[in-house]
1. Could you give the dipole magnitude of the chain about its Cα centre, charging the beta-carbon of Lys and Arg +1 and that of Asp and Glu -1, in debye to the nearest 20?
2. Report, in whole Å, the centroid distance computed from the Cα atoms of the range 97-117 and the range 12-80.
3. Starting from the Cα gyration tensor of the range 53-116, take the square roots of the eigenvalues, sort them a ≥ b ≥ c, and report rounded, prolate or oblate (rounded when a/c is under 1.5, otherwise prolate if a/b is larger than b/c, else oblate).
4. In a Gaussian network model over the chain where Cα atoms closer than 10 Å are linked, find which of 104, 162, 146 has the largest mean-square fluctuation.
5. Quick one: among 45, 186, 33, which has the greatest mean-square fluctuation in a GNM of the chain with alpha-carbon springs under 10 angstrom?
6. For residue 103, what charge total do you get from the other residues with a beta carbon under 13 Å from its beta carbon, if Lys and Arg give +1 and Asp and Glu give -1?
7. For the chain, what % of the accessible area comes from carbon and sulfur atoms, probe 1.4 Å?
8. Need one number: nm distance between label points at residue 19 and residue 91, each 7 Å from Cα along Cα→Cβ, rounded to one decimal.
Amino acid sequence: VRFEPINAKLLPSNYVKSLFQDSEGYIWVATSSGLVRYDGHNTKSFTECMDEYSFIHELVEDCDSRLILATDNGLMWMDKNTGTTESFVTDSPLSCLAVDRKLNVWAGGEDGLFCRQVGESEFIQVDVRAQGQDVKGIIDVMADSNGNIWLTTWQKGLYVYNPTTGHTQVFKNGLLAYSYIIYQDSSGSAHGVMVCSGFQMIS
């Protein structure tokens, strides 16, 4: 495998937080100072559209082919062609995003979990509670193939939220309390969930 670095001068920052490939095949580079689109040969900066939303943690594409960005100052969407932006949730740092099987968009951060359902224009904060406490300080969010929403919270546990029933299950045993990144593999019926906390696999 041969890796060829993108010239650092083509990026607004060397601090790359995440990468995302959209439905057209473009690679979007989220950095601490803005957003860049890479087509395999050239880059195009969208930093001038960001303003105070420059520190981008993660991005996804919604059902309308718009980009949803999780930033230090909240959520925003961006038109991929024009660079037009609009803020959704403000003054609430959000660090992670996921799209479920129904194409609803989920966002997590310091203040908890937010969701925008298909057909709706706004993100609504979701009341996620476990053992009598609100689940906040979310680091990563994942929508599994069964429709459950998995949440990691450093030193506070791993949570599984069922949007249909509103029930939340928590795992705090051992290294699971330090869950950071969560990912579901594609092994058919053996739906393994890998949790990077040391390294754990649960199913």
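The values are calculated or read from the model by the stated rules, or taken from the named source; none is laboratory data. Quantities reported herein were computed from a predicted structural model and do not represent experimental measurements. In this analysis, Cβ positions are derived from the backbone assuming ideal geometry, glycine residues included, and neighbour counts consider all displayed protein chains. Note: accessible area is taken over every heavy atom of the protein model, side chains too, but ligands, DNA and RNA are not part of it. Shrake-Rupley method; radii C 1.70, N 1.55, O 1.52, S 1.80 Å.
1. 640
2. Spelled out, the Cα-based centre of one part sits 17 Å from the other.
3. oblate
4. Result: 146 has the largest fluctuation of those listed.
5. So, out of 45, 186, 33, the one fluctuating most is 186.
6. Taking every other residue near residue 103 into account, the sum is -1.
7. 46
8. 3.8
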